[in-house]
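These notes concern the structure reproduced below.
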Amino acid sequence: MKDFEVIWTKNAEFDLESIIEYIKTDSIEIAKDIFFEIKNQCNDLSAFPMSRRVVPELQQIGVLKYRELIYKRWRIIYKIASDKIFIVAVVDASRNMEDILFQRLFKDDTPLAHTKEVASDE
């Protein structure tokens with residue numbers, strides 16, 4: 001069996017940091033626990049990434065490349081590309097997922113996104 005490499009995008013890292021900062025205002029210990037539990041859950045995807053469901057809001061419109069892991073009150077959205085798993089978002093399940101998904105997932109969500117510079121004489 002082939003293990004996949006789990007890679008966090010900048011957006012997903014920011015999401016997780018924001019969640020942890022918010023929880024930390026109540027309890028540093030709980031914040032640490034949740035941080036490590038989410039990271040461990042994502043790392044566990046490396047063995048069986050296809051075992052999680054396709055994101056329902058995207059499946060309805062025929063987009064099948066994004067899957068999700070539900071952990072407590074958070075939806076962790078990821079995509080599989082070759083032998084890599086890209087974590088693209090960590091979102092509170094009570095938020096409007098359709099808006100978040102369309103804003104995030106239809107942009108370049110690779111961890112090392114590069115922009116092309118256009119020469120001024122073109």
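Scanning the range 40-62 for residues that are under 21 Å from ARG95 (Cβ atoms) and either touching a Pro at 6+ places or on another chain (Cβ under 9 Å) or touching a residue at least 40 places away in the same chain (Cβ under 8 Å) (or both) gives CYS42, VAL55, GLU57, LEU58. If you check every pair at least six apart or on different chains, which have Cβ atoms under 7 Å apart with a residue in the range 88-102 that is among the aliphatic types (A, V, I, L, M) first and a residue that is open to solvent by 20 Å² or more (accessible area, probe 1.4 Å) and in a loop (DSSP other than H, G, I, E, B) second? Close Cβ pairs (under 7 Å, with a partner that is open to solvent by 20 Å² or more (accessible area, probe 1.4 Å) and in a loop (DSSP other than H, G, I, E, B)) amount to ALA93/ARG73. Keeping to the range 20-39, report how many residues are in contact (Cβ under 8 Å) with a residue 24 or more places away in the chain and either out of contact with any helix residue (DSSP H, G or I) (no Cβ under 7 Å at 6 or more places or on another chain) or on the phi > 0 side of the Ramachandran plot (or both). Going through the range 20-39 one residue at a time, the tally reaches 1.
The values are calculated or read from the model by the stated rules, or taken from the named source; none is laboratory data. No experiment lies behind these values; they were computed from the predicted model shown. Quick reminder, even Gly has a Cβ in these numbers, built from the backbone with ideal geometry, and neighbours come from all protein chains shown. To get the accessible areas, we keep the full protein, side chains included, count just its heavy atoms, and leave off ligands, DNA and RNA. Shrake-Rupley method; radii C 1.70, N 1.55, O 1.52, S 1.80 Å.
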